[in-house]
Amino acid sequence: MADDVLDRKAWMALAVSGLGMFLVGVDGSIVNVAFPSFREDFPGVTNAQLSWVLNSYVLVYAALLVVTGRLADRMGRLRVMSLGLIVFVIASIGVAISPTVVSLVSMRGLQGVGAALITPASMGLVIASWPTGRRATAVTLWGACFASANAFGPAIGAGIIELSNWRWAFFINLPLGLVALILSGRVFVETMKNTSTRPDVIGGVLLSMSTGLFVLAIVQGRDWGWVSLEVMISVLIGLACVSLFIYRNNGHQEPILPSGLVKVTSFRRASFALFIFTFGMYALMLSLVLFLTDVWKYSTGLAGLSTAFGAAFVTIASMVAGPLADRYGHRLVAGPGTVICALGMLWWLMMLNEQPNYFVGFLPGMVLSACGMGLTLGVLAAAGVSEVKPQYFSLAGGVTQTARQCGGALGLAIMFAIIGEPTGPSTAYEAYQWGFSFIMITSIIGTLLVVRVRPSVNSGS
């Protein structure tokens, strides 16, 4: 394919893969808006316990992304994506009919397995279908599907919850998943299997265990205590697993993380910048609805609808970010994006108060942060794969998304620690002020890191 020429197949590949990511994204954001409903349906369960509805998904998702990315590159990206869609739909039905918190958490974990199969495989399929010179556009538009789902999810979920209840909000995954599964089989041609050498299965297990244990320590740090025995054991075992993984990875004939990928500077720097930036972005997505319900006492439906403008601006910014990055370079787009996010939080710190002032206080800050998020997340992911060889497309995507999920898990844990259990609107307002300060600081740090991301514009593989 010519370096900058797009055909119908490329757009179809983006549409089908984007539908798969929309499925993953809308589900995650619906969980955020359904959180108050979980409290009502499961009385006596604390916020910390209910946070496992979020954490179980994040833990499993983050732990498996790298391994499933490697699996997709070796065994076939279409095959892995199709399996992920089937698992995700089945798990979504399980979530919808869960009678207890334990079953709800378990099914959310299974959703994490499905999402981990879908994400790197769909990203690899898109990158392989688009010309090298338009790769940033491809990845940012793919990411825009996920971002718009995250942004529109609260409004979609709130509407469904208001009309019925939170369980019906998860049944939406059934038709979306089936359509994505059928279309993927018609649009994509399966990539060839690589069976020349045996993969490092033990290395994959060690990497998944270490990532999972680190995320476990993060999400449970507040409840267990950051210096508790449980957290220390999780971290120490995680360190042991990652040490063994590095030893095996360096000596195995078919390692999980090949040196040809790890040595790519733009891949390393973009992944780390994404890790730090998502500290604040996941905390922001959680706090959008909770601030409105905890401080201003909005209903779940009104809170969800009130975030719809943010959804629109995330989508618009994501759509324009890719072409700009293809033309001017990744850091010249993502850098201003992080600054705009920080300005959004500064606006909230200066203009929000305990009394509702949506149009003057809340809306401008939300629009700024949404635009910044749209300009940054997809572009950093694109920078991470801009100089990667074709045989590592899904693996590189898995690593960048792991960085995003681990950063998000840490951001959520910090945000929950900051918010605590507010006893009224006044204490909640003070807690969210500290939370917005945290988000602003991570955006500023993200700016400093993005400056160091310097992949060649329109670089080849």
Among the residues of region 29-49, the number that are crowded, with 18+ Cβ neighbours inside 10 Å and farther than 20 Å from residue 172 by Cα is 0
Considering only region 245-256, I want to know if a residue exists there that is part of a helix (DSSP H, G or I), among the hydrophobic types (A, V, I, L, M, F, W, C) and surrounded by 18 or more Cβ atoms within 10 Å (Cβ to Cβ). yes
Output the qualifying pairs, or none if there are none: Cβ atoms under 6 angstrom, residues six or more apart or on different chains, first residue in region 152-180 and closer than 13 Å to residue 303 by Cβ, second residue crowded, with 19+ Cβ neighbours inside 10 Å and among the hydroxyl-bearing types (Ser, Thr, Tyr). 153/29; 154/29; 154/307; 158/300; 161/300
Here is a list: 82, 56, 106, 51. Which entry is hydroxyl-bearing (Ser, Thr, Tyr), farther than 26 Å from residue 200 by Cβ, assigned to a helix (DSSP H, G or I) and modelled with pLDDT of 90 or more? 106
Residue satisfying condition, being touching a Lys or Arg at 6+ places or on another chain (Cβ under 7 Å), closer than 20 Å to residue 282 by Cα and assigned by TED's automatic domain parsing to the domain that holds residue 288, within set 382, 370: 382
Is it true that residue 372 is outside any loop (DSSP other than H, G, I, E, B), buried (at least 24 other Cβ atoms within 10 Å of the Cβ) and in contact with a Ser or Thr (Cβ under 6 Å, 6 or more places away or on another chain)? no
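The values are calculated or read from the model by the stated rules, or taken from the named source; none is laboratory data. Worth saying up front: this structure is predicted, and the values here are computed from it rather than measured. Don't worry about glycine lacking a Cβ; one is built from the backbone with ideal geometry, like all the others, and counts go over all protein chains shown.
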